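Computed from the coordinates by the stated procedures, all read-outs in this text should not be read as laboratory data. Since the model is a prediction, treat every value here as computed from it, not as a measurement.
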Amino acid sequence: MKFTSLKQLIFVALVLAGCVPMSPKPADSTAIPTVITSGSDIESSSKSPKAPLANTYWKLTALNNAPITMAPSQPREAYVQFREDTQAVRGFAGCNKFSGAYEASENRLSLGPMATTRMACADASAAEAQFFSALEQTLSFAILGDVLILIDGKGVTTAEFTAVYL
């Protein structure tokens with residue numbers, strides 16, 4: 001009787017050992033998602049492309065560390081584009097289009113006087129004024145992966161953008 005119980009115990013132990021869950025293998029080892037938790041992770045992540053300042057569509061995502069939301073009457077998102085061939089900057093600030101000149105070298109950025117349309121948009125005017133102020137105050141920039149950060153003379157982040165690939 002004891003011998004049978006021992007056999008049963010060994011059999012149960014072997015069955016249970018075979019029931020240990022195994023981690024599934026990913027179908028494609030290059031498809032493993034990368035979790036990004038901070039700007040330094042973005043910079044060092046080989047999975048995250050680094051968008052260039054020029055010739056990229058930069059969608060405005062934050063002003064003075066506050067997230068941007070579109071106004072109900074806003075026809076499209078606020079954005080900025082820097083053209084390398086003409087050294088021109090253009091964009092949309094929430095109500096009005098703008099354009100001007102820019103100069104960039106390494107992490108320095110200066111924007112020339114901006115020409116703007118003069119549409120009247122009551123619900124977008126405050127955010128638009130902050131956007132133009134951020135552009136005027138910009139002295140440097142940083143690009144972390146697909147995020148463009150504009151920085152004023154005091155080292156304060158005034159605006160953040162995300163690269164949009166069309």
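A few notes on this one:
- Convex hull volume of the C-alpha atoms in the range 47-164, normalised per residue: 103 Å³.
- Over the range 47-164, relative contact order from alpha-carbon pairs under 8 Å, at least 6 apart, %: 29
- Ala159 long-range amide H proximity, modeled H, under 5 Å: Asn64, Leu150
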